[in-house]
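Working notes for the structure below.
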Amino acid sequence: MSEESKARLSEMRKGELNPNFGKSASAETRTRMSIARKGKKMPSSRRSAHTRYHSNKDVFKDTCAYCVEDRQNT
């Protein structure tokens, strides 16, 4: 695909032109997505985000699984 085509498609889907603009998933849909993700390993990028936002800033959150895990391992 040419760069021109990519740019045109990108512009066609930005902001209010995006078919999902302003919409949010229903509670039922959010539950289904959550169930689908349960039990799957998270990518390392989540761990990296934890390090950037918590560990590097000396922040501990009881709701963060990585914070709790790190606290238990030390």
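Every number in this text was worked out from the coordinates using simple rules, so none of it is lab data. What you see is a predicted model, and the numbers here were worked out from it, not measured in a lab. Note: ideal-geometry Cβ built from the backbone for every residue, glycine included; neighbour counts use all protein chains shown.
Dipole check for the stretch 3-73: with +1 at the C-beta of Lys and Arg, -1 at the C-beta of Asp and Glu, and the Cα centre as origin, the magnitude is about 260 Debye.
Positive-end ranking of SER2, SER48, SER26 along the dipole of the chain, with charges on Cβ about the Cα centre, is headed by SER26.
Out of every Cα-Cα pair that the stretch 3-73 contains, those further apart than 18 angstrom amount to 65 percent.
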